[in-house]
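The values are calculated or read from the model by the stated rules, or taken from the named source; none is laboratory data. From a predicted model like this one, the values you see are computed outputs, not experimental measurements. As a convention, Cβ positions derive from the backbone with ideal geometry for all residues, glycine included, and neighbour counts pool all protein chains shown.
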Amino acid sequence: MTLPSKVRHIVAAGICGLLLAASPAQAGVTGTTGATGTTAASAATGTGWQLTDTGSTARFRGLAAVGPRTAWAAGSQGTVLRTTNGGRQWRNVSPPGAAALEFRDIEAFDARRAVVLAIGEGEASRILRTDDGGASWTETFRNTDARAFYDCMAFFDRRHGLALSDPVDGRYRLLSTADGGRSWSVLPSAGMPEAQPGDAAFAASGQCLTVSGSRDVWLATGGGPTARILHSADRGRTFEPAESTVPAGDPARGVFAVAFRGRHGIAVGGDYRPGQPSPQAAATSRDSGRGWNPSRRPPTAYRSGVTWLPGVRTAAIAVGPTGSDLTTDSGRTWRTFDPGSFDTVDCAPGRSAAYRGRDGATARRVPEVRHAADRARAAHRGCWAAGEKGRIARLAR
């Protein structure tokens, strides 16, 4: 659906105007970040990431945004946190005896139900589920194949999901669940293309695997000669590979995160080593991942996480250790709006006037258009970012 330019402009104003005002380049602020409150760049302009006091020093690379008040985070030393009051308080709901596990992804369905993934070789890769807000956890999968190393998960809905492992016997391996993560089975590998030498998925943000709709799934790769993105239209049974424009050719380089909204995709990555240049650190697709083009103005450094903003059809946020960037044109150009360090970012699902009705009919109604900016402002409050030293923030005015 193509929206009229007037509608696109009004809807975008709700969030994009807020975020662009927080750009350090525009405001002339280079800012630092404390344990709580806003960054200096955000404080100077009144918008941006608002840090919350987590009471933790864990590094959170797993993040699940349920809404503006509820979010889950998973990280090092087997740590799982949950908030149900917009980040004012974070409750430690870590599974008992999990201190030796490295959680890198979490998928939450609401304030009570969540599935968390631990990475590592052999039995270090595990999946646990809670149905009571983290009061108790059940281990639903433990990897027994020493060759497998699970990196990330994604769910189509509350029942159907996938978990991705690095290549085993020359092909990426997928687990599948049809009961919300209570049980898992290995999918056949016949429809998976052969991996390149050195290929791997990066467990940096829980976003090396992403889904859109009820059947489409993409997995992001790096470490090999080229950084590829593989697409499946049948829930992981068969995949078609496509080369991205993000540089690879080194174990530290490739695509780290991918996000899709319908046919439109964004890939981000680069070289995760501090101080190493990351040219062409973002790419875009308009055909469900069959072809990729480099961003005309990519982020200036490596980025490990990316998410589409709810309420604004063409807006997305990317994050990494050196800052956060905003795009308002589906990933073609990016602008830094916060200099703080984050590893992952997620927004709760949201809808605006731009998405209601068939063929944009509702979006064209004048009353709905007038309120589009207000709806966009409300939607952005369900966006969260997380990273090192216990840093978790919510996007807020």
Residue list for the range 138-187, filter: part of a strand (DSSP E or B), within 19 Å of Thr221 (Cα to Cα) and free of Cβ contacts under 8 Å to residues at least 24 places away in the same chain: Val168
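Matching residues to (1) without any contact (Cβ under 8 Å) to a residue 40 or more places away in the chain; (2) part of a loop (DSSP other than H, G, I, E, B):
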residue	(1), (2)
Pro251	no, yes
Gly254	no, no
Ile266	no, no
Gln276	yes, yes
Ser288	no, yes
Ile317	no, no
Pick from the range 191-200, criterion more than 20 Å from Gly120 (Cβ to Cβ) and in contact with a strand residue (DSSP E or B) (Cβ under 9 Å, 6 or more places away or on another chain), ranking: surrounded by the most Cβ atoms within 10 Å (Cβ to Cβ): Met192
Any hit, the range 194-207, residues being touching a residue at least 24 places away in the same chain (Cβ under 8 Å), part of a strand (DSSP E or B), in contact with a Leu (Cβ under 8 Å, 6 or more places away or on another chain) and closer than 24 Å to Phe260 by Cβ: no
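To keep it simple, each residue is scored yes or no on (1) farther than 20 Å from Val345 by Cβ; (2) among the aromatic types (Phe, Trp, Tyr); (3) touching a residue at least 40 places away in the same chain (Cβ under 8 Å); (4) surrounded by fewer than 17 Cβ atoms within 10 Å (Cβ to Cβ).
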{"position": "Val80", "(1), (2), (3), (4)": "no, no, yes, no"}
{"position": "Val93", "(1), (2), (3), (4)": "yes, no, yes, no"}
{"position": "Ala99", "(1), (2), (3), (4)": "yes, no, no, yes"}
{"position": "Ile106", "(1), (2), (3), (4)": "no, no, yes, no"}
{"position": "Ala114", "(1), (2), (3), (4)": "no, no, yes, no"}
{"position": "Leu117", "(1), (2), (3), (4)": "no, no, yes, no"}
{"position": "Glu121", "(1), (2), (3), (4)": "yes, no, no, yes"}
Which listed residue is of a type outside the set (S, T, N, Q) and over 20 Å from Glu102 (Cβ atoms), from Gly191, Gly181, Gly134: Gly191
Residue match in the range 264-283 (condition: surrounded by fewer than 24 Cβ atoms within 10 Å (Cβ to Cβ), touching a Pro at 6+ places or on another chain (Cβ under 9 Å), aromatic (Phe, Trp, Tyr) and closer than 20 Å to Ala385 by Cβ): yes
Residue count, the range 54-70 (criterion: part of a strand (DSSP E or B) and farther than 12 Å from Pro349 by Cα): 4
Failed condition for Leu3, given (1) at pLDDT 95 or above; (2) among the aliphatic types (A, V, I, L, M); (3) crowded, with 17+ Cβ neighbours inside 10 Å: (1)
Failed item in (1) touching a helix residue (DSSP H, G or I) at 6+ places or on another chain (Cβ under 7 Å); (2) of a type outside the set (S, T, N, Q); (3) surrounded by 15 or more Cβ atoms within 10 Å (Cβ to Cβ), with Trp137 passing the rest: (1)
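Condition first: touching a His at 6+ places or on another chain (Cβ under 6 Å) and of a type in the set (Gly, Ala, Ser). Can you find one or more residues in the range 308-326 that meet it?
no
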Sole exception among (1) out of contact with any Leu (no Cβ under 8 Å at 6 or more places or on another chain); (2) in a strand (DSSP E or B) for Gly87, by number: (2)
Condition check for Arg313: of a type in the set (D, E, K, R), assigned to a loop (DSSP other than H, G, I, E, B), modelled with pLDDT of 95 or more and in contact with a strand residue (DSSP E or B) (Cβ under 9 Å, 6 or more places away or on another chain): no
When residues of the range 90-129 are limited to those that are under 24 Å from Ala200 (Cβ atoms), among the charged types (D, E, K, R) and part of a strand (DSSP E or B), the one farthest from the chain's Cα centre (by Cα): Glu121
